[in-house]
Amino acid sequence: MITSELKSFIDIHKEEVDKSLTRCIETVECPSKLKDAMFYSIDAGGKRIRPLLMLAAINAYRDINDRDYDAVCAVEMVHTYSLIHDDLPAMDDDDYRRGRLTNHKVYGEAFAVLSGDALLTQAFETLSRLPEVKDFDKIRLIQEFAKDSGAQGMVGGQAADLEGEGKDLSLKELEYIHYHKTGALLKFSVVAGGILGEAPDDDIQQLRMFAQELGLVFQIKDDILDVEGNEAEMGKATGADQDKNKSTYPRLLTLDGAKEKLVYHAERAKSALQTTSASSALLEDFVDYVMERLS
């Protein structure tokens with residue numbers, strides 16, 4: 001159950017994230033159809049978990065200020081680009097995302113690809129222009145971002161996921177996919193928040209461990225929701241993993257076994273925060289929020 005503290009945090013900052021995303025896209029000079037396609041997927045909503053996680057990590061070390069919203073927009077732009085591309089016929093071939101037609105169903109495949117490309121590259125420009133952030137820290141952020149969003153992170157995880165379709169994967173192979181496909185951007189969000197919050201180096205390593213466990217919690221929950229989720233609440237069809245014969249936690253461990261793993265990794269995530277100097281209550285609340293979400 002979401003705590004009142006986390007609910008208040010989300011209510012306040014999600015609105016600011018949405019405003020900042022609109023501002024970031026509005027400033028892009030490009031053909032109008034391309035900008036419309038970028039806006040279409042950015043405006044589709046979503047829980048904004050990655051930006052909010054970054055803000056929570058910053059807040060664990062200092063107060064949030066206006067300049068922080070540009071950084072969190074960058075991670076949401078990359079997340080959105082990944083969803084646009086995942087929905088394409090060559091990938092997951094989905095018709096609906098968050099309760100409405102996917103980008104390529106509205107703008108065509110070519111502009112869906114281009115809008116995703118544009119969001120990806122705009123994200124890196126946004127990070128490079130962060131005001132009042134030391135150049136050394138900008139370089140750290142960009143290096144982390146490139147690694148976690150690229151072949152060594154999210155893209156590599158997506159590739160492994162595609163190669164694993166129709167195969168009986170081991171738990172280790174499945175964890176590799178989840179750590180990278182879903183966990184990498186969550187990890188960046190938390191680590192970037194620590195860097196922006198000027199957390200000690202030892203804390204950064206613990207935040208990294210926390211986020212890796214949280215990434216597994218997030219994806220295991222996704223696997224569970226694909227089995228027993230409500231399509232109306234999720235805004236997309238359930239049962240897609242089974243239809244594609246994909247290895248998932250419920251398939252490997254049974255549904256009850258997947259739920260046990262969910263709790264196990266949630267406890268490990270919270271444990272990683274205990275040795276930090278952070279004010280970590282909000283980050284711990286996020287673990288429960290991810291565990292208990294219905295979509």
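Bear in mind these aren't lab numbers, they're just calculated from the coordinates by the rules spelled out. Because the structure is predicted, anything quoted here is derived from the model rather than measured. Note that each Cβ is placed from the backbone with ideal geometry, even for glycine, and that neighbours are counted across all protein chains shown.
Between Ser271 and Val227, the simple spin-label model (points 7 angstrom out along Cα→Cβ) gives 2.4 nm. Shape index of the range 113-221: Rg/Rh, with Rg the Cα radius of gyration and Rh the Kirkwood radius from the inverse mean 1/r over Cα pairs, equals 1.02. For the pair Asp135 and Ser4, the difference between a 0.36 nm per residue extended length and the Cα-Cα distance amounts to 43.5 nm.
Work out the FRET efficiency for Arg208 and Ser32 from their Cβ-Cβ distance, taking R0 = 41 Å, and round it to the nearest 0.05.
On the way: r = 41 Å, r/R0 = 1.00.
About 0.50, to the nearest 0.05.
Scanning the chain for long hydrophobic helices, with DSSP H runs required to stretch 18 angstrom or more by C-alpha along their axis and to average at least -0.5 on the Kyte-Doolittle scale, returns 68-86, 103-128, 183-196, 201-228, 249-273.
Computed over the range 47-156, the quotient of the alpha carbon radius of gyration and 2.2 N^0.38 Å is 1.17. Among Thr126, Thr27, Thr80, sorting on how many other beta-carbon atoms sit within 10 Å of each Cβ, with the fewest leading, yields Thr27, Thr126, Thr80.
Order of 250-256, 203-209 by packing, highest average Cβ count within 10 Å first? Walk me through the intermediate numbers first.
Working: 250-256: 15.4, 203-209: 19.7.
Final packing ranking: 203-209, 250-256.
Among the listed pairs Lys7/Lys259; Lys167/Lys270; Lys138/Lys172; Lys138/Lys259, give every one whose C-alpha distance is greater than 29 Å. Please list the in-between numbers first.
Values: Lys7/Lys259 24 Å; Lys167/Lys270 33 Å; Lys138/Lys172 34 Å; Lys138/Lys259 39 Å.
With Cα atoms farther than 29 Å apart: Lys167/Lys270; Lys138/Lys172; Lys138/Lys259.
The ellipsoid that matches the Cα gyration tensor of the range 147-211 has semi-axes, each √(5λ) in whole angstrom, of 27, 11, 6, with the longest given first. Cβ crowding within 10 Å ranks Phe111, Phe286 as Phe111, Phe286, fewest other Cβ atoms first.
Label sites at Ala281 and Asp66, each approximated as a point 7 angstrom past Cα along Cα to Cβ, lie 2.9 nm apart. Would you mind estimating how fast the range 4-292 diffuses translationally, via Stokes-Einstein at 37 °C and 0.692 mPa s with the Kirkwood radius over Cα pairs, in µm²/s? D, rounded to a whole number, is 171 µm²/s.
Helical runs assigned H by DSSP (4 residues or longer) give the chain a calculated mean residue ellipticity at 222 nm of -24000 deg cm²/dmol, each run adding -39500 (n - 2.57) before division by the residue total. Which of Ala146, Ala118, Ala57 ends up with the largest GNM mean-square fluctuation for the chain, with Cα atoms connected below 10 Å? Of Ala146, Ala118, Ala57, the Gaussian network model singles out Ala146 as fluctuating most. Available extension along the chain between Arg98 and Leu294 is 69.3 nm, counting 0.36 nm per residue and deducting the alpha carbon span. Counting neighbouring Cβ atoms within 10 Å and putting the fewest first, the residues Cys24, Cys73, Cys30 line up as Cys30, Cys24, Cys73.
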